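The values are calculated or read from the model by the stated rules, or taken from the named source; none is laboratory data. Bear in mind the structure is a predicted one, so any value in this text is a computation, not a measurement. Note that each Cβ is placed from the backbone with ideal geometry, even for glycine, and that neighbours are counted across all protein chains shown.
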Amino acid sequence: MKSVNLDIQPNLDIQPNAEKAALRRSLLQTRQALSPELWRQYSDRLHAHLQSCDWFSQSQTILSYISFRQEPDLNPLFTLPKQWGLPRCVGRSLSWHRWSPTDPLPLQLGTYGIWEPHPDHPILQPEEVDLILVPSIACDRQGYRLGYGGGFYDRMLSSPTWSTKPTIGILFEFACLSQLPIDSWDRPLKGICTETGMFKFKL
């Protein structure tokens with residue numbers, strides 16, 4: 001199946017930010033220094049908090065991700081009776097595809113070394129989606145997120161068709177900061193979930 005650009009605004013031009021870049025490097029080093037045992041323990045605790053959240057329990061179709069660079073591991077959640085979507089990078093946009101661990105089509109490594117769905121996996125349209133789990137290097141107490149710097153989620157969440165969706169930043173508690181450096185294109189999330197709990201923002 002041919003991929004489509006799901007109403008994502010490609011003209012949102014993300015420029016390098018030195019302060020963000022330094023913070024990103026520091027937090028990635030901290031995350032990747034977690035022992036496998038602690039990473040697993042934190043991820044399991046995060047699962048429990050996420051599953052107790054009404055946004056999650058009431059959602060049927062959820063956009064998620066495959067863990068990269070010791071991001072919190074959400075793989076155990078994929079066995080739950082939900083419809084899952086995974087992103088595929090297409091140019092400067094994300095194309096979302098319906099996916100299940102039992103799908104015969106294997107995941108494949110994308111441009112950035114992240115496991116992505118096969119292009120022939122069925123595409124999910126925005127109106128089908130109930131919740132978006134957003135991988136995050138850091139988040140602050142205002143809902144702003146530090147990502148990998150490509151601007152994929154900021155461009156997506158700038159679109160009217162995606163901006164109303166519940167979004168939960170997924171990260172470990174050490175990366176939940178009081179305030180992040182903010183640029184004009186940054187789009188706040190509606191909640192965050194860490195191994196210590198779930199927090200919704202009043203936006």
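Yes/no per residue for (1) in contact with a Gly (Cβ under 8 Å, 6 or more places away or on another chain); (2) at pLDDT 95 or above; (3) not in a strand (DSSP E or B):
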site: S43; (1), (2), (3): no, yes, yes
site: L46; (1), (2), (3): no, yes, yes
site: L50; (1), (2), (3): no, yes, yes
site: S59; (1), (2), (3): no, yes, yes
site: I62; (1), (2), (3): yes, yes, no
site: S67; (1), (2), (3): no, no, yes
site: P81; (1), (2), (3): no, no, yes
site: L86; (1), (2), (3): no, yes, no
site: C89; (1), (2), (3): yes, no, no
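Restricting attention to the stretch 145-203, and to residues there that are of a type in the set (G, A, S) and touching a helix residue (DSSP H, G or I) at 6+ places or on another chain (Cβ under 9 Å), which single residue is modelled with the lowest pLDDT?
Ranking the candidates gives G149 first.
Scan the stretch 134-157 residue by residue and report those that are touching a Leu at 6+ places or on another chain (Cβ under 6 Å), in a loop (DSSP other than H, G, I, E, B) and under 21 Å from Y112 (Cβ atoms).
S136, I137
Can you tell me which of (1) within 24 Å of P166 (Cβ to Cβ); (2) surrounded by fewer than 19 Cβ atoms within 10 Å (Cβ to Cβ) is the one A33 doesn't meet?
Looking at each condition in turn, A33 falls short on (1).
Give just the number: which of (1) within 30 Å of R25 (Cβ to Cβ); (2) surrounded by fewer than 18 Cβ atoms within 10 Å (Cβ to Cβ); (3) in contact (Cβ under 8 Å) with a residue 60 or more places away in the chain does T111 not satisfy?
Of (1) within 30 Å of R25 (Cβ to Cβ); (2) surrounded by fewer than 18 Cβ atoms within 10 Å (Cβ to Cβ); (3) in contact (Cβ under 8 Å) with a residue 60 or more places away in the chain, only one is false for T111: (3).
What's the number of the only condition in (1) under 15 Å from the mean Cα position of the chain (by Cα); (2) under 18 Å from Q60 (Cα atoms); (3) modelled with pLDDT of 95 or more that E128 fails to meet?
Every condition holds for E128 apart from (1).
Considering only residues that are of a type in the set (S, T, Y) and surrounded by fewer than 16 Cβ atoms within 10 Å (Cβ to Cβ), which ones fall in the stretch 160-182?
As a first pass, look at the stretch 160-182 and keep what is of a type in the set (S, T, Y): 161, 163-164, 167, 178.
Result: T161, S163, T164, S178.
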